[in-house]
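The values are calculated or read from the model by the stated rules, or taken from the named source; none is laboratory data. For clarity, every value in this text was computed on a predicted model and none was experimentally measured. Quick reminder, even Gly has a Cβ in these numbers, built from the backbone with ideal geometry, and neighbours come from all protein chains shown.
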Amino acid sequence: MRLHHLTYRETKDERPDLVSDLLIQARVQATEALCSAFDRRKKGRKVSCPQATACPPRYNLHTATLKWDTREVRLSTTAGRVTIPFVLPEYDAKYEGSRTLTADLIHRKGKWYLHVAVELPDPPAPIENGPAVGENLGLCRPAVTSGNRFFGRRQWRGIQARYFRLRRSLQRKGTRSAQRHLRRLTGKVNRFRCDCDHVLSRRSVDSVDYGTVIVVENLTHIQGRAKQRGRQSRRRPHTWSRCTTIAP
């Protein structure tokens with residue numbers, strides 16, 4: 001509330017054409033970014049001041065209305081309420097009809113995406129004292145459990161090595177076309193890693209019964225704790241994705 005009183009009137013005077021709720025959500029997003037930076041610094045990690053050239057607007061039930069049956073969404077803009085049709089991806093069809101909470105409007109490479117958060121029914125109560133399964137992230141195989149089950153594909157290692165060689169050659173070249181290629185390659189590599197993380201976490205969760213505890217090793221500062229011989233062996237721990245999560 002203190003941040004609201006300190007920032008609302010000034011921002012409203014600068015942008016009177018914006019809906020008040022959008023200004024409030026912008027302040028909330030800035031607060032979340034600063035809290036995340038403070039939390040990282042408290043943990044001893046390197047941080048910098050959060051910056052954004054175009055922060056995605058966040059909508060809620062007051063500024064957006066999603067109609068699942070007609071595939072349309074009404075958004076509040078500087079020109080009033082605008083009705084926009086949308087396309088629902090096939091892999092998100094299972095969430096159709098759910099109650100919407102918030103939505104972020106993102107512009108990426110000439111296309112607009114609406115990331116919608118929906119409300120799902122509560123999962124069953126967890127089982128106390130369930131069995132535990134240890135999972136180890138490896139270099140040759142992406143993951144292996146204590147039950148001697150392997151997840152992931154061996155081809156991922158070769159694909160990452162090919163991306164690394166291509167990126168290194170483009171950086172050495174340094175021309176404008178090489179820099180454009182590097183920008184495209186960055187997005188491609190990030191999407192590949194996110195897809196690998198999703199496949200890996202999904203298969204890990206599906207392989208155990210409900211209530212099982214999955215124990216994952218702590219890879220914090222693994223580069224300094226593990227001794228690797230050879231340039232290629234020292235590089236491999238740095239290729240682990242920083243956004244690896246366990247799917248719900």
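Observations on the structure shown:
- The sole residue among 71, 58 that is surrounded by 15 or more Cβ atoms within 10 Å (Cβ to Cβ), closer than 15 Å to residue 113 by Cα and basic (Lys, Arg) is 58.
- Summed over segment 74-96, residues that are surrounded by fewer than 10 Cβ atoms within 10 Å (Cβ to Cβ) and either of a type in the set (Lys, Arg) or in contact (Cβ under 8 Å) with a residue 12 or more places away in the chain (or both) total 3.
- Being under 27 Å from residue 188 (Cα atoms), of a type in the set (Val, Ile, Thr) and outside the structural domain of residue 199 (by TED's automatic domain parsing) is true of residue 106.
- Residue selected from segment 129-187 under the condition in a loop (DSSP other than H, G, I, E, B) and hydroxyl-bearing (Ser, Thr, Tyr), by the criterion modelled with the lowest pLDDT: 146
- Sole exception among (1) within 30 Å of residue 62 (Cβ to Cβ); (2) in a strand (DSSP E or B); (3) without any contact (Cβ under 8 Å) to a residue 12 or more places away in the chain for residue 121, by number: (2)
- All of 15, 71, 45, 58 fail the test of being of a type in the set (Lys, Arg) and touching a residue at least 40 places away in the same chain (Cβ under 8 Å), apart from 58.
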